[in-house]
Amino acid sequence: MIGLIFRKELIELIRTTRMNWLLLGTALLVGLALYNGYTYAVDHQQLLSESQRVTYQQFISQGDKNPHLGAHFGFYAYKPMAELALLENGIDDYTGNSFYLEPHQRGIVRFREVTDSTALRSFGFLNVGYFVQFILPLFIFLLSHNLFAKEWENGTIKMVLSARVTARQLFVGKLLACGLLVGALLALVILIPLALLLVQPQPVDWPTVLPVYGCYVAGLLLYALLLTVLGVAVSLLTRSSSLALVGLTGFWLLGVFLIPRLTAELSRRVYPSVTSADFDRQTFREKEYGVGDEGTKDARRAQLEARTLKQYGVSRLEDLPVFFIPITIEYFEESDGRVMDRAYAAVEANEFRQDRLVLASAVLSPFLAFRDLSMHLTATDMNTHYDFAAKAEQHRRRVGEQVDAFYQNNTVATNAFWKTVPQFAYQAPGVGWRLSNAVASLGILLGWTVLALVMMVLSYRRVRV
């Protein structure tokens, strides 16, 4: 009997004109999302790889120069595209992905995609992540809102349950039909990106990608289950197609558009960001006048000179066996670095508090929870951005130390020396680190799923003729 109900419901769903247009439109959007995601990932990765290769090649072939002046020539460190950037671009377009490696100055991540985009970018970039977070819920709600409500409206529920069909058979048959269509759509979203990864020009690190992709698929299935169960529960509860559709689309509008914008604004007011003017003023003061009893820059330079003379057992800088200037440069590189570390740590801590407040609103919007989970798993989140910036800064300081050490005994650096400066290479941490950052969003998503299941079971128990 369940099989008969399943086939009947499936035929009804597929043969209706409304559903045909919905399936056609959704399929076109999936195709466009996959195309956009693939071209975005491939084109950007080629651009970043080539840019990093060219700037490094220019640096190591700059010719004979004073080591310190040559170091100021600098080169860029680029954050490569995430392995699953074809699925999700996250916040990369807003944070940038290039870091200039130059002495004295902690780099700022630049090359933000949005600065070169038109205002249309504010509507979002249609890729798989956007489709799943914004369009998939609407598709499932349109599919499920009248599964049971139409039976009550048409009065057929009494006829069906008066026959030899039980409420459980009716429920399971309809749920399976709805689940099959949702599953077919998910199969496209899950399998085609894997095929695209196989044919993309850049090599794929499968031992890293497959566990991450498996977690992403598990999260996507959980998200789709939640939406399907929620749609069925509302259809059981309202007994009116119109009312069910209004309720579900209203929930979608609130969760996708209103709540994220309200909480983003609230987070900025509760935890206001440090302005660039305040940031520059604070770091300049600490660099010049020191922190606590460190003393001014001139005083610290005099103390450094005294310690250096004592270390080498001489009384004049001219008698030092090494150049004093690179020692000074390295000393203030370290002290200024501590100032910048504190300043950036404060900024990141404030941004973390803002993000936590926004994520807390996911208890009202499961769409936010999945978005957070998706960005963490695809390494397009703020944690990965901080990790990249920290490692790029470490590399910048290592290059500075290497150049300053060379400069203490040499006034000219040739290409032979520049070639010993290592190239920067970044790889996002693995699946364990990403999951640990996504525990909160995963927990909220699980909570929503349990709540929707309970709601569906309670609604199912009300099915009586």
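I need the full set of residues from the stretch 95-120 which are among the charged types (D, E, K, R), at pLDDT below 80 and over 17 Å from the mean Cα position of the chain (by Cα), in order please. Those that are among the charged types (D, E, K, R), at pLDDT below 80 and over 17 Å from the mean Cα position of the chain (by Cα): R106, D116. Contact annotation: residue pairs with Cβ atoms under 8 Å, 6 or more positions apart or on different chains, pairing a residue in the stretch 252-264 that is under 17 Å from W448 (Cα atoms) and among the hydrophobic types (A, V, I, L, M, F, W, C) with a partner that is assigned to a helix (DSSP H, G or I) and open to solvent by 20 Å² or more (accessible area, probe 1.4 Å), are W252/L138; V256/F134; I259/L368.
Yes/no matrix, rows are residues, columns are (1) surrounded by 12 or more Cβ atoms within 10 Å (Cβ to Cβ); (2) basic (K, R):
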| site | (1), (2) |
| --- | --- |
| R300 | yes, yes |
| Q311 | no, no |
| F324 | yes, no |
| E333 | yes, no |
| V339 | yes, no |
| Y344 | yes, no |
| E351 | yes, no |
| L364 | yes, no |
| A369 | yes, no |
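Scanning the stretch 125-142 for residues that are open to solvent by less than 10 Å² (accessible area, probe 1.4 Å) and part of a loop (DSSP other than H, G, I, E, B) yields one hit, N127.
Residues of the stretch 409-457 that are within 20 Å of the chain's Cα centre (by Cα), under 30 Å from S361 (Cβ atoms) and of a type in the set (S, T, N, Q): S436, N437, S441.
In the stretch 386-400, is there at least one residue being part of a helix (DSSP H, G or I), open to solvent by less than 40 Å² (accessible area, probe 1.4 Å), under 30 Å from E333 (Cα atoms) and basic (K, R)? Checking the stretch 386-400: at least one residue is part of a helix (DSSP H, G or I), open to solvent by less than 40 Å² (accessible area, probe 1.4 Å), under 30 Å from E333 (Cα atoms) and basic (K, R). Considering each residue of the stretch 306-320 in turn, none proves to be among the acidic types (D, E) and within 21 Å of R106 (Cβ to Cβ). Across the stretch 143-172, the qualifying residues are those that are over 16 Å from M1 (Cβ atoms) and of a type in the set (F, W, Y), and the one among them that is least open to solvent (accessible area, probe 1.4 Å) is F148. Note on the stretch 423-438: among residues that are among the aromatic types (F, W, Y) and in a loop (DSSP other than H, G, I, E, B), the one that is nearest to Q52 (Cα to Cα) is F424. There is no residue in the stretch 74-87 that is open to solvent by 70 Å² or more (accessible area, probe 1.4 Å) and either modelled with pLDDT of 90 or more or not basic (K, R) (or both).
Going through the stretch 401-435 one residue at a time, which ones are of a type in the set (K, R) and open to solvent by 40 Å² or more (accessible area, probe 1.4 Å)?
So in the stretch 401-435, the residues of a type in the set (K, R) come out as 419, 434.
Listed by number, the list holds a single entry, K419.
Of the residues examined, Q62 is one that is within 22 Å of G400 (Cα to Cα), touching a Gly at 6+ places or on another chain (Cβ under 8 Å) and surrounded by fewer than 21 Cβ atoms within 10 Å (Cβ to Cβ).
Could you check the stretch 291-328 and list, in sequence order, the residues that are part of a loop (DSSP other than H, G, I, E, B) and in contact with a Phe, Trp or Tyr (Cβ under 7 Å, 6 or more places away or on another chain)?
Within the stretch 291-328, the subset part of a loop (DSSP other than H, G, I, E, B) is 291-296, 313-316, 320-323.
Across the stretch 291-328, the qualifying residues are T296, L320, P321, F323.
Scanning the stretch 13-38 for residues that are open to solvent by 40 Å² or more (accessible area, probe 1.4 Å) and over 13 Å from V189 (Cα atoms) yields I14, R15, T16, T17, R18, N20, W21, L23, L24.
Mind telling me which of the residues L222, L237, L227 ends up being in contact with a Ser or Thr (Cβ under 9 Å, 6 or more places away or on another chain), open to solvent by less than 20 Å² (accessible area, probe 1.4 Å) and not polar (S, T, N, Q)?
L227
Would you be able to tell me the number of residues in the stretch 269-290 that are assigned to a loop (DSSP other than H, G, I, E, B) and surrounded by fewer than 13 Cβ atoms within 10 Å (Cβ to Cβ)? Adding up the residues that qualify gives 2.
Scanning the stretch 154-197 for residues that are modelled with pLDDT of 80 or more and not in a helix (DSSP H, G or I) turns up just one, T166.
Going by what's in this entry, would T328 be described as at pLDDT 90 or above and surrounded by fewer than 20 Cβ atoms within 10 Å (Cβ to Cβ)?
Answer is yes for this residue.
Scan the stretch 401-417 and tell me whether some residue there is among the acidic types (D, E), part of a helix (DSSP H, G or I) and out of contact with any Pro (no Cβ under 6 Å at 6 or more places or on another chain). Yes, because at least one residue in the stretch 401-417 is among the acidic types (D, E), part of a helix (DSSP H, G or I) and out of contact with any Pro (no Cβ under 6 Å at 6 or more places or on another chain).
The values are calculated or read from the model by the stated rules, or taken from the named source; none is laboratory data. These numbers come from a predicted model, not from an experiment. No Cβ is skipped: glycine too gets one built from the backbone with ideal geometry, and neighbour counts run over all protein chains shown. Accessible surface areas use protein heavy atoms only, side chains included; no ligands, DNA or RNA. Shrake-Rupley method; radii C 1.70, N 1.55, O 1.52, S 1.80 Å.
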